[in-house]
Amino acid sequence: MTQTIDEYSVFFLYAAMAVYAFAFIAFALDLARRSAQVGAGNEVGVDGSVTTRERVLETVGAGGSSAVSGSVATAAPVGVGGSGAARKGLFSRGGGAEASLSASGDGAVTKRSLSLRLGVAFTLIGFLLELTADVLRGIAAARVPWANMYEFSMTGTVLIVGVFLVVITRVDLRFLGTFITGLVLILLGVSTVNYYVGVAPLPPALQSAWLVIHVFVASLGTAFFALGFALSAIQLVQYRREAIGAGARTLKLKFMASLPDSKRLENLAYRVNIVGFVFWTFTLIAGAVWAERAWGRYWGWDTKEVWTFIIWVIYAGYIHARATRGWRGSRSAVLAIIGFAAVLFNFGIVNVFFHGLHSYSGL
Amino acid sequence: MSRPSDHYDSPDPALATRARGAASDDGSSSGAGDGSSPDIAQPRLGVVGWLRWFWRQLTSMRTALFLLLLLALAAVPGSLVPQRAADPNGVTQYFVDNPDLAPILDKVQAFDVYTSVWFSSIYLLLFISLVGCVIPRAKHHFDALRAKPPRTPARLSRLAGFEQRAAEPGTNGAEAIEVARGMLRKAGYRAVVFTAPGKNGSEITSVSAERGYARETGNLVFHAALVGILITVGVGGGFGFSGQRVLVENGQTFVNTLSAFDSFNPGRFFSESSLTPYSMKLDKFTATYETKADGAFGQPLDYDAAVTTQEQGGSEQQSDIKVNSPLRIGGTDVYLLGNGYAPTVTVKDPTGKVVFTDSIPFLPQDASLTSVGVVKVPDGLSQQLGMIGFFYPTQAVSTTGAYYSTYPDDDYPVLTLNVYQGDLGLNGGTPTSVYSLDTDTLSQLTGGSTGVASIELKPGESTALPNGLGTISFDNVARYASLDIHHDPTQGYVLLFASLALLGLLISLFIPRRRVWVKATERADGSVTLEYAGLARGEDPRLVPAVADLAERHAKLLAGRAVPETNA
Ligand code: HEM
């Protein structure tokens, strides 16, 4: 029985991967289309909507602002009649420009990208399939599905996609689709090939409620860090493009013109990363509490503890960098990227090749 | 705000310096100056000046950042090289594997990274910087908490979310501001009203409001809690101890005294009198394994050490110690860390007199608990004997003839022994491990190249020792539990500080600190213009919508229509 359910789980996982692959293609097509449109001299909004020059003039005439710039830096004075539709929560819609994006029905006929909508739809379907796979795995094992590398990979990527899908309902980060689905595909590919293990019971060291909490929150933190990483990486590219100036024709990535400016990307990355940081802080504390119960000491500089600590300190550095003159912008973005590299290292390398008390890769 | 001078929100000292014609010494590509520039520009610094300069450097944001990154970097080697504290056997093995490199690494304390001089200096500097940073800020914040929001700026138009509206005819400026003040106060702002005459006989009334003081409080709580953790760990560790003890089932008893530990690591301030007397007997150790024949066959499902404990003056109590559920007794926590087999072996001399009998814990070598142990018989025979034993709980024979164990439970137990004779080195005064035998000075009698088969026994069997030395029997096999016994009086405080840190972090990251102004200019002709603007103090993505929302609701309120509250 266990065996059969696990087989279903694997089937759903492969199905999810196939659908993610479609999503990836759709998102990539969207970026290609943006490049083409930008090349043709059109204005492309953050949400991928295309507005021709004359339309933009109309839009501006109608009292909105142009759809091109994502520059809604918080400090920028926004004209009279700003968005009353302020949303509650962590992620604001920004200011005027985005509000006018959603309101750009007045006058200009903007073409929403079909590929972008398909990308989101495929991602959602893939997410549901993978969630099913994950739940089935949990049922097969009669416990939470995050007790070995294969299961972490599955639950972790479900969370990455889940967080992405939730965040895009609040702030338009759909342009990250290629990146997110690409990352998830690679992680799933590596884990199904290298990390797959059949359903196995929990060894005594893992039989604890803290497994449920600690590992889940760590995965959630990782999901936010992944999103922050994507934003920081794009921020760096965007910054270069801005530095080169308007003659950015030399830069191949024309679609970058349709993405938010580096300042806004930096702010978005920061907001995502601090959420990740809070989860990571909790992971660290919960891990220590669990270590105390299982091994009799809350902190022993076990390799895995060391790396969790290193990651935490790097992100603390990143947060500091953002508050340090001369370190805002690209330098802090580099730190966020190093931080996520450490997260991946911790997961992919430390789990498998370093030995310590945390030998639960299941391999 | 009394932030470090190179905080991005602090006024840029480089500008001031440049104004005086002195170059910034910073040299960073951004061109941003650092806080000490004005000092540097001065011709001569006395000792005090230098000290002040040094202190400012140490408590600057860039130093904190640098030290944080350095700390992350310095923590890495400890994960690459085995550490004495966590993995002493790994260190020994490392010396064997890398005889040239290991002593060099040892010189730079690479096997004790987290207590090394260099690692400690980094975090101590970091925390000195932290204290130097937090104290002035705390003082400043304490003052700010009691101060009123500052005067409304003369021009709001450059500020965030600026908005200008003409009030409906008949609006009274002062009243409109009073309404705004009420709204702001309800939304948690501290608000003060200012009045000033404007140009051309106009009258300007304004409200200046500030909220989110908790952001700074949270930040200070967070940083202070980190100091709390460091101090508690540093001091608290000194009062505790940790010790290990192996107990064989069916009756071995531990009493909580120094001599009863197999190994003991006291903290700096530990005194023996802090050991509360109690006794603990291992009645039975039960290991449950997966028996289904798929991939997980033989994987442990549960370990359970059933013990009988008795505290001084108390009655006997039965308890179970499991991997994730330690036993708290007599101020100590007892953890089940390991387990294995302890074969009971009896050696008799040629006349049949028992010269040795003991249950000897063997160390597991693999998941199926193939175990290795050492039997030492120092007295009673014509020669001192040492034996290296292999125990296979469920023995099987490979195609090459080698023995191995296929399952961790003792379904088909077999004990093999290689016998050595000679001086066991027990009288030299140097402590020797009960788990190892130095065979260099001994001559081998069975097994290996001797041509004599190793002794092989099943429970209950006995056989003759070589050279007519006597007989040996394998009476039975018991389980043993390896227990860690800890005492740490401060770990509760560490948890408390850690929770405070998390709480402070949440507050400081997610509560926005902002100033908001509403200004009413009432001209001589009776017309009133309302202006709204805000200022972010720190990260505040929702400032602009919040100001717009305030303006909207304010206008509606003024128009006499009540709207539901939202928190601006
Ligand atoms: C153990 C070392 C440290 C760690 C782990 C650490 C961590 C953090 C974190 C996570 C934050 C963001 C959350 C918050 O605002 O409370 C922060 C903010 C801050 N830290 Fe630290 N910190 C450390 C040392 C220091 C030191 C030495 C200074 C003084 C130079 C300092 C000054 C600040 C300041 C001014 C902020 C506010 C930044 C802002 O305005 O956004 N920190 N720190």
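The values are calculated or read from the model by the stated rules, or taken from the named source; none is laboratory data. Remember, it's a predicted structure, so these values are computed and weren't measured experimentally. Using ideal geometry, Cβ is built from the backbone for each residue, glycine included, and neighbour counts are taken over all protein chains shown.
A few remarks follow.
- A residue that is out of contact with any Gly (no Cβ under 9 Å at 6 or more places or on another chain) and within 14 Å of chain A (Cβ to nearest Cβ) can be found somewhere in the range B:539-551.
- Reported count of residues in the range A:159-200, each being within 14 Å of chain B (Cβ to nearest Cβ) and surrounded by fewer than 20 Cβ atoms within 10 Å (Cβ to Cβ), is 5.
- Qualifying residue in the range B:198-208 (condition: within 14 Å of chain A (Cβ to nearest Cβ), closer than 23 Å to B:D525 by Cα and among the acidic types (D, E)): no
- When the residues of the range A:306-355 are filtered to those that are within 9 Å of chain B (Cβ to nearest Cβ), assigned to a helix (DSSP H, G or I) and more than 30 Å from A:R240 (Cβ to Cβ), the one that is modelled with the lowest pLDDT is A:V350.
- Residue match in the range B:287-302 (condition: more than 14 Å from chain A (Cβ to nearest Cβ) and buried (at least 19 other Cβ atoms within 10 Å of the Cβ)): no
Rundown of residues vs (1) within 27 Å of A:V313 (Cα to Cα); (2) within 16 Å of the ligand (Cβ to nearest atom); (3) of a type in the set (G, A, S), yes/no style:
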{"position": "B:L65", "(1), (2), (3)": "yes, yes, no"}
{"position": "B:A86", "(1), (2), (3)": "yes, no, yes"}
{"position": "B:P99", "(1), (2), (3)": "no, no, no"}
{"position": "B:T115", "(1), (2), (3)": "yes, no, no"}
{"position": "B:S120", "(1), (2), (3)": "yes, yes, yes"}
{"position": "B:H141", "(1), (2), (3)": "yes, yes, no"}
{"position": "B:R146", "(1), (2), (3)": "no, no, no"}
{"position": "B:T152", "(1), (2), (3)": "no, no, no"}
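- Only one of A:R271, A:R322, A:R264, A:R293 that is away from the ligand (no atom under 16 Å from the Cβ) and within 25 Å of A:F175 (Cβ to Cβ): A:R264
- Residue that is modelled with the highest pLDDT [pool: residues in the range A:228-261 that are surrounded by fewer than 24 Cβ atoms within 10 Å (Cβ to Cβ) and hydroxyl-bearing (S, T, Y)]: A:Y239
- Scope the range B:377-421; condition assigned to a strand (DSSP E or B) and among the hydrophobic types (A, V, I, L, M, F, W, C); matching residues: B:V377, B:L385, B:M387, B:I388, B:F390, B:F391, B:A396, B:V397, B:V414, B:L415, B:L417, B:V419
- Sub-9 Å Cβ pairs linking a first residue in the range B:61-72 that is facing another protein chain (nearest Cβ under 7 Å) to a second residue that is of a type in the set (S, T, Y) and crowded, with 22+ Cβ neighbours inside 10 Å, at least 6 apart or interchain, are B:M61/A:T324; B:R62/A:T324; B:A64/A:T324; B:A64/B:S129; B:L65/A:T324, ordered by first then second residue.
- Which numbered condition B:S116 misses (of (1) within 14 Å of another protein chain (Cβ to nearest Cβ); (2) farther than 30 Å from B:G267 by Cβ; (3) buried (at least 16 other Cβ atoms within 10 Å of the Cβ)): (2)
- Output for the range B:305-355, where each listed residue is within 14 Å of another protein chain (Cβ to nearest Cβ) and under 30 Å from B:S462 (Cβ atoms): B:G338, B:N339
- Scan the range B:73-101 for residues that are buried (at least 18 other Cβ atoms within 10 Å of the Cβ) and without any contact (Cβ under 8 Å) to a residue 12 or more places away in the chain and the total you get is 3.
- Test: residue in the range A:291-303 that is part of a helix (DSSP H, G or I), more than 19 Å from B:L70 (Cα to Cα), at the interface with chain B (Cβ under 8 Å from one of its Cβ atoms) and in contact with a Gly (Cβ under 9 Å, 6 or more places away or on another chain): no
- Evaluation of B:I321 against (1) in contact with a Lys or Arg (Cβ under 8 Å, 6 or more places away or on another chain); (2) in contact (Cβ under 8 Å) with a residue 60 or more places away in the chain (one fails), failing number: (1)
- Within the range B:201-241, if we keep just the residues that are more than 16 Å from the ligand (Cβ to nearest atom) and of a type in the set (F, W, Y), the residue that is surrounded by the most Cβ atoms within 10 Å (Cβ to Cβ) turns out to be B:F241.
- Only one of A:A205, A:A223 that is within 14 Å of chain B (Cβ to nearest Cβ) and at negative phi: A:A205
- Among the residues of the range A:137-154, just one is of a type in the set (V, I, T) and either in a loop (DSSP other than H, G, I, E, B) or crowded, with 24+ Cβ neighbours inside 10 Å (or both), namely A:V144.
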